[in-house]
């Protein structure tokens, strides 16, 4: 009888030991899962460990601000910056004609040069209308003096229409082309504009400039 009880006690003890071992093993596995860094297998030989996420640094651009400003020079700004951001750094002078010719909300491009015109610059043009769509991408020296020729990079639609063979639609096409491509580099480039061929260019080439 006593031997039978001993066997039962041993059996109960073994069951308790097995149950405890199973419980302890489960807890240990859970602890390992929590404490071990997450690993994500992306391929056969690629393992990426979990790291603290960091936002990428914003891209930078450099623009040249010149003309009627107190601090002309090259400025480094974040990509997507507006002209107003650059003007705050360059500090326009009192005679700067910003709102008349430039768009403060325009987005800057890397490597771009913006020339801020002044009242004196406007007077030197002798009353000629400046097209603000291309003013920011040229130097004031290119505005030149009155040569009697029409600058196709600067002329208004009315001035373009005064040229032989250039009506309202062609004048508008010229303006749209220079806005899209940043102005004409040569007079001959005018033939790239829809509706303007060699014959039209031949008629007006002595009356235009860039």
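Anything in segment 165-185 that is assigned to a loop (DSSP other than H, G, I, E, B) and modelled with pLDDT under 90? List them, or say none. Correct list: 182, 183, 184, 185. Whether any residue in segment 139-161 is modelled with pLDDT of 90 or more and not assigned by TED's automatic domain parsing to the domain that holds residue 96 is what I want to check. Yes.
The values are calculated or read from the model by the stated rules, or taken from the named source; none is laboratory data. Everything numeric in this text was worked out from a predicted model, so none of it was measured.
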